[in-house]
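Visitor: Quick one: the structure is below, questions incoming.
The values are calculated or read from the model by the stated rules, or taken from the named source; none is laboratory data. Keep in mind it's a predicted model, so treat the numbers as computed, not measured. Ideal geometry is used to build each Cβ from the backbone, glycine not excepted, and the neighbour counts take in all protein chains shown. Side chains are part of the model used for accessible areas, which takes the heavy atoms of the whole protein and leaves out ligands, DNA and RNA. Shrake-Rupley method; radii C 1.70, N 1.55, O 1.52, S 1.80 Å.
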Amino acid sequence: MRMGSESLVAGPSALFTLGLALVLLLSAGRAWADEFDTLNFDAGMTVINDSNLFRLSGTVDPNTVLGRPSTADRIDVTTLGVRLSKPYSLQRFELSASLVDYRYDKARFLNFSAFNYNAAWRWSLTPRFKGSISSDRSETLNSFVDFRAFVRNVRTEENNRFNAEYEVDGVWRVIGGLSQSKSQNAQLFIQQQDFKSNIAEAGIRYAFPSGSSVSAVTRTQAGEYFKLSGPVTASLFDNKFKQSEQEARLFWLLSGKSSLDARLAYIDRKHPNFAQRNFSGVVGNASLNWGITGKTRLVTTVSRELNSFLQASSSYTRLDRLSIGPVWEVSQKAVVRARLDVSTRDFLGPVTNSPLNDRSDTLRTLFVGMDWRPYRWVTMSASLQNDKRSSNQAGLDFVSTQVTLAAQLTF
């Protein structure tokens with residue numbers, strides 16, 4: 001299959017350039033701000049060189065699918081943002097919003113601009129009765145790790161949440177919340193279809209004087225694949241689902257430098273029309289943040305996830321992941337980070353015989369990066385990341401390397 005025309009997609013790249021220049025001119029006459037100010041503005045530029053943008057297998061000739069001999073591309077990302085944090089009596093109001101412009105050097109049909117925001121009211125009726133009301137929105141390009149068509153497919157995710165906590169006495173808390181989520185794609189993505197859901201949760205938390213805590217929560221979710229008019233018998237796609245979850249969480253301060261954050265849960269997802277799509281199981285994660293010295297620490301995480309992934313050969317995936325990441329604070333202005341991730345992803349719950357049944361992928365990621373803050377109003381970073389996927393299914397392996405350079409101004 002040959003990729004379609006690489007015509008330019010209209011976008012506000014000129015507006016971003018003009019806006020960035022205007023911001024820099026306006027800022028010349030005032031003091032640079034920092035993260036402790038009520039109002040901050042951000043302007044950033046990021047350049048990403050990706051050796052294998054579409055995550056093609058080494059057995060695929062790029063000329064046959066891309067119309068060019070190289071799988072590499074450069075992505076220029078421009079960001080303009082604003083952040084607000086304002087306390088008022090027992091309340092705190094927070095807002096962060098950004099315009100992000102993505103420009104591709106070769107695959108120009110992928111160009112797009114995103115509007116993202118995160119707003120929250122950290123409310124408190126009394127010192128013992130508090131919570132938050134928040135809303136967020138994000139637009140991102142679907143990764144070609146799973147989305148295999150050569151078209152621009154932007155995924156928009158929106159969440160609205162209400163959380164509350166009541167301190168019964170010095171250590172016991174009653175917690176609860178309501179939330180709405182919506183996720184939709186610009187193009188059809190069969191395996192991860194558009195959906196919206198309502199979630200309700202309630203639980204208790206025991207907070208130790210040391211800052212450690214233990215909590216138990218029960219959670220229910222009612223979801224709908226809103227672009228399906230009804231169940232699709234031919235593919236056994238249901239248009240609704242319900243999910244229950246029982247969760248236990250532990251946050252433990254091992255010392256002044258180290259902590260353990262762990263979660264264990266059992267989830268059960270059911271579909272009213274096609275029980276073949278049901279799945280359940282134990283999920284969770286444990287993250288150990290070990291402060292080795294005053295300037296070095298090691299973060300180790302193990303996790304298991306179960307996620308819906310709808311096709312003939314699977315109804316869901318099981319992802320087991322191990323991550324090890326050292327952090328070294330070279331100075332007050334520079335931090336070096338590294339990370340090794342190894343994950344195995346099994347595609348489970350087939351509804352019919354398919355060549356992709358029993359698919360299993362292993363992904364290994366190596367990352368090293370450095371953040372440098374020469375002044376309180378400027379942050380620069382550089383990173384190198386290498387991803388390698390192997391699979392028991394032909395044509396799904398890939399290797400990619402990303403080199404990223406970024407700079408951000410805060411004023």
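Visitor: Any chance you could count how many residues in segment 127-151 are in a loop (DSSP other than H, G, I, E, B), over 12 Å from the mean Cα position of the chain (by Cα) and not basic (Lys, Arg)?
Guide: Result for segment 127-151: 8.
Visitor: Within the bounds of segment 55-67, is there any residue that is of a type in the set (A, V, I, L, M), more than 25 Å from the chain's Cα centre (by Cα) and exposed (fewer than 14 other Cβ atoms within 10 Å of the Cβ)?
Guide: No - not one qualifying residue is present in segment 55-67.
Visitor: Restricting the first residue to segment 83-104 and requiring it to be at pLDDT 95 or above and of a type in the set (Phe, Trp, Tyr), which pairs with a second residue that is open to solvent by 90 Å² or more (accessible area, probe 1.4 Å) and in a strand (DSSP E or B) meet a Cβ separation below 9 Å and a spacing of at least six or different chains?
Guide: Sorted first by the residue in segment 83-104, then by its partner, the pairs are Phe93/Lys86; Phe93/Trp121; Phe93/Arg122.
Visitor: A follow-up question, please. For segment 335-365, enumerate the residues that are on the phi < 0 side of the Ramachandran plot and more than 25 Å from the chain's Cα centre (by Cα).
Guide: Filtering segment 335-365 down to residues on the phi < 0 side of the Ramachandran plot leaves 335-348, 350-357, 359-365.
Within segment 335-365, Pro350, Val351, Thr352, Asn353, Ser354, Pro355, Leu356, Asn357 qualify.
Visitor: Condition first: open to solvent by less than 60 Å² (accessible area, probe 1.4 Å), under 18 Å from Phe241 (Cα atoms) and free of Cβ contacts under 8 Å to residues at least 60 places away in the same chain. Now tell me which residues in segment 315-353 satisfy that.
Guide: Ser315, Tyr316, Thr317 - these are the residues of segment 315-353 that are open to solvent by less than 60 Å² (accessible area, probe 1.4 Å), under 18 Å from Phe241 (Cα atoms) and free of Cβ contacts under 8 Å to residues at least 60 places away in the same chain.
Visitor: In segment 173-208, what residues are of a type in the set (D, E, K, R) and either open to solvent by 70 Å² or more (accessible area, probe 1.4 Å) or in a strand (DSSP E or B) (or both)? Let's see the steps before the verdict.
Guide: Going through segment 173-208, the residues of a type in the set (D, E, K, R) turn out to be 173, 182, 194, 196, 201, 205.
Arg173, Lys182, Lys196, Glu201, Arg205, listed by residue number.
Visitor: Could you check, for segment 276-293, whether at least one of its residues is surrounded by 16 or more Cβ atoms within 10 Å (Cβ to Cβ), hydrophobic (A, V, I, L, M, F, W, C) and either at pLDDT below 95 or within 30 Å of Phe147 (Cα to Cα) (or both)?
Guide: There is at least one residue in segment 276-293 that is surrounded by 16 or more Cβ atoms within 10 Å (Cβ to Cβ), hydrophobic (A, V, I, L, M, F, W, C) and either at pLDDT below 95 or within 30 Å of Phe147 (Cα to Cα) (or both).
Visitor: When segment 95-110 is examined, which residues are found to be outside any strand (DSSP E or B) and either among the charged types (D, E, K, R) or open to solvent by 50 Å² or more (accessible area, probe 1.4 Å) (or both)? Before you say what the answer is, go through the steps one by one.
Guide: Here is the first cut: in segment 95-110, the residues outside any strand (DSSP E or B) are 105-110.
Hits for segment 95-110 are Asp105, Lys106, Arg108.
Visitor: Could you give me the residue pairs with C-beta distances under 6 Å whose first residue belongs to segment 222-237 and is of a type outside the set (Phe, Trp, Tyr), whose second residue is assigned to a strand (DSSP E or B) wherever it lies, and which are 6+ apart or on separate chains?
Guide: Listed by first residue and then by second, the contacts come to Ala222/Asn198; Ala222/Lys242; Gly223/Phe195; Gly223/Ser197; Gly223/Phe241; Glu224/Lys196; Glu224/Lys240.
Visitor: Sticking with this structure for a sec: Check Thr220 against each of (1) under 29 Å from Asp261 (Cβ atoms); (2) under 20 Å from the mean Cα position of the chain (by Cα) and name the one condition it does not meet.
Guide: (2)
Visitor: With the checklist (1) among the β-branched types (Val, Ile, Thr); (2) open to solvent by 60 Å² or more (accessible area, probe 1.4 Å); (3) outside any strand (DSSP E or B) in hand, flag the one item Val403 doesn't pass.
Guide: (3)
Visitor: Specify which of the listed residues (Ser51, Ser70, Ser113) is open to solvent by 40 Å² or more (accessible area, probe 1.4 Å), closer than 25 Å to Leu396 by Cα, of a type in the set (Gly, Ala, Ser) and at pLDDT 95 or above.
Guide: The conditions single out Ser51.
Visitor: When only residues in segment 368-393 that are among the hydrophobic types (A, V, I, L, M, F, W, C) and open to solvent by 50 Å² or more (accessible area, probe 1.4 Å) count, which is farthest from Val47 (Cα to Cα)?
Guide: Step by step, filter segment 368-393, then rank; the result is Trp377.
Visitor: A further question on this structure: What about Ser229, is it polar (S, T, N, Q), open to solvent by less than 70 Å² (accessible area, probe 1.4 Å) and not in a strand (DSSP E or B)?
Guide: no
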